[in-house]
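K.L.:
I have a structure here, written as structure tokens, and I will follow up with some questions on it.
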């Protein structure tokens, strides 16, 4: 048996100024051929689960590419064609099954539905080969994605700690179909709701209840049931929530299950909107917390590189410093030039930096505004660590050359990186010598993923509404391609 296993993942924020080219994939993880299998075998990723199950069957495993880039702006034509072309070429060469680890929100310069187009091309070269797909919970699902594969599933957790689990589930469905033990029949229901990412945490309502309903459908005998929160920072017609269900030979059951999930999501649409709070008021609450015996988490969520943020917006950090909060660790600011300047000065030296603010954000009409800070170079590292937490377990992270700037004898310590990286694992701090559990405040450029590594430490969590292209305020984004009607821009039934 010959099985093609591949990964091609990107969450595209069409409002982000960050260019997603091949170099950006290389910075996070780009492997071709056998190197792709070596990089992900044994990891808690869908691709790791695929490899394990294929090996158990004694299959020949072909891994044309494993590619993931930190979320950013639109994927270049060259990057898309290089990655998609490698997968299509491998499948065209002949195989018995295809297992794909995709995201579901990739937008390229010439293709609005990156995953749907990839699957369309695969079906054109291999019309009868069974294809299974794992997608992110933030997938903007399309009819093309569903039509051109045999089984599709999404994560049921945010932060995404079940990636290997759902990868194994969909792979088993496909292998059971090949062995004649089931006949996958799939249906999906688009949901006209543009939900806020901050309202999609699966430990919280409303998503918690929707996930419970999807699990109930599976317990009732359906092969797989998924509710997608969607990715709202994408100005494409198909952005928004969706449900997809895989039944065994019964398309009517799949359609009924998908509509059941969709109806629940429509009924709870108001719960998917994030209530805003003035930054000064939120900081007042943070200052009043007192000693909690552990860190309070402060979220600079509008500049979350894990959703395509530039990770160099300094407004919230400036406000925290001005407010006088003490014993703060910041993870992290992207500024390669600042790291170079700190490396030139050396550990222990005092430097004055024009930190962050290197990128303009034309989609928001904002210019980059650096923050001038003076501090001591505390640490210089290569920025490499292996994830030990429950999300991306076993994957090597490359933050690039990194440094820690200590301000006012450690009142505030800022981790500065050369590559974008969302702080979902404690390694963003421990790899540079900071003990996060010992800090009073952890200021994270994150939304929900931080919970994977930091929720056990958090004594309180406060969202700080700053600026950035991952804003949770839809009114600040100039949507031009969205389908209508869609809530909250339009009334829906």
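The values are calculated or read from the model by the stated rules, or taken from the named source; none is laboratory data. No experiment lies behind these values; they were computed from the predicted model shown. So basically every Cβ, Gly included, is an ideal-geometry build from the backbone, and we count neighbours across all protein chains shown.
K.L.:
So residue 475 passes all but one of these: (1) touching a residue at least 40 places away in the same chain (Cβ under 8 Å); (2) farther than 20 Å from residue 390 by Cβ; (3) part of a helix (DSSP H, G or I). Which condition number does it fail?
P.N.:
Failed condition: (1).
K.L.:
Quick test of your reading of the structure: residue 384 fulfils all but one of (1) in the same structural domain as residue 337 (by TED's automatic domain parsing); (2) in contact with a helix residue (DSSP H, G or I) (Cβ under 7 Å, 6 or more places away or on another chain). Name the failing condition by number.
P.N.:
Condition (2) is where residue 384 drops out.
K.L.:
On to the next question. Report yes if residue 131 is modelled with pLDDT of 95 or more and under 14 Å from residue 225 (Cα atoms), otherwise no.
P.N.:
no
K.L.:
Restricting the search to the range 115-138, which residues are more than 13 Å from residue 7 (Cα to Cα) and in a helix (DSSP H, G or I)?
P.N.:
Of everything in the range 115-138, those that are more than 13 Å from residue 7 (Cα to Cα) and in a helix (DSSP H, G or I) turn out to be 116, 117, 120, 121, 122, 123, 124, 125.
K.L.:
What number of residues within the range 161-202 satisfy the criterion of being over 14 Å from residue 230 (Cα atoms) and either within 19 Å of the chain's Cα centre (by Cα) or assigned to a helix (DSSP H, G or I) (or both)?
P.N.:
So the answer is 18.
K.L.:
Out of (1) in contact with a helix residue (DSSP H, G or I) (Cβ under 6 Å, 6 or more places away or on another chain); (2) buried (at least 23 other Cβ atoms within 10 Å of the Cβ), the odd one out for residue 133 is which?
P.N.:
Status for residue 133: all satisfied but (1).
K.L.:
Can you find even one residue in the range 72-89 that is out of contact with any strand residue (DSSP E or B) (no Cβ under 7 Å at 6 or more places or on another chain) and more than 19 Å from residue 107 (Cα to Cα)?
P.N.:
Yes, the conditions are met somewhere in the range 72-89.
K.L.:
Report yes if residue 104 is buried (at least 23 other Cβ atoms within 10 Å of the Cβ), touching a residue at least 24 places away in the same chain (Cβ under 8 Å) and in a loop (DSSP other than H, G, I, E, B), otherwise no.
P.N.:
Yes, satisfied.
K.L.:
If you don't mind, another one. Specify which of the listed residues (483, 451) is in contact (Cβ under 8 Å) with a residue 40 or more places away in the chain and closer than 25 Å to residue 112 by Cα.
P.N.:
After applying the criteria, what remains is 483.
K.L.:
Would you point out the residue of the range 186-240, among those that are free of Cβ contacts under 8 Å to residues at least 24 places away in the same chain and within 23 Å of residue 274 (Cβ to Cβ), that is surrounded by the most Cβ atoms within 10 Å (Cβ to Cβ)?
P.N.:
204
K.L.:
For the range 405-423, check the following and say yes or no: at least one residue is in a strand (DSSP E or B), closer than 22 Å to residue 283 by Cβ, within 20 Å of the chain's Cα centre (by Cα) and at pLDDT 95 or above.
P.N.:
Checking the range 405-423: not a single residue is in a strand (DSSP E or B), closer than 22 Å to residue 283 by Cβ, within 20 Å of the chain's Cα centre (by Cα) and at pLDDT 95 or above.
K.L.:
Do we find a residue being at positive phi and at pLDDT below 95 anywhere in the range 279-292?
P.N.:
yes
K.L.:
Show the residue pairs meeting these rules: Cβ distance below 7 Å; 6+ apart or different chains; first residue within the range 162-173 and in the same structural domain as residue 389 (by TED's automatic domain parsing); second residue part of a helix (DSSP H, G or I).
P.N.:
none
K.L.:
Moving on. Which residues, taken from the range 333-356, are in contact with a helix residue (DSSP H, G or I) (Cβ under 9 Å, 6 or more places away or on another chain), surrounded by fewer than 20 Cβ atoms within 10 Å (Cβ to Cβ) and in contact (Cβ under 8 Å) with a residue 24 or more places away in the chain?
P.N.:
349, 351
K.L.:
Moving to a separate point now. Test of understanding: among 377, 330, which residue is part of a strand (DSSP E or B), within 20 Å of residue 453 (Cβ to Cβ) and either touching a helix residue (DSSP H, G or I) at 6+ places or on another chain (Cβ under 8 Å) or in the same structural domain as residue 39 (by TED's automatic domain parsing) (or both)?
P.N.:
330
K.L.:
While we're looking at this one, here's another question. Condition test on residue 149, is it under 28 Å from residue 112 (Cα atoms), assigned by TED's automatic domain parsing to the domain that holds residue 100 and either touching a residue at least 40 places away in the same chain (Cβ under 8 Å) or crowded, with 24+ Cβ neighbours inside 10 Å (or both)?
P.N.:
yes
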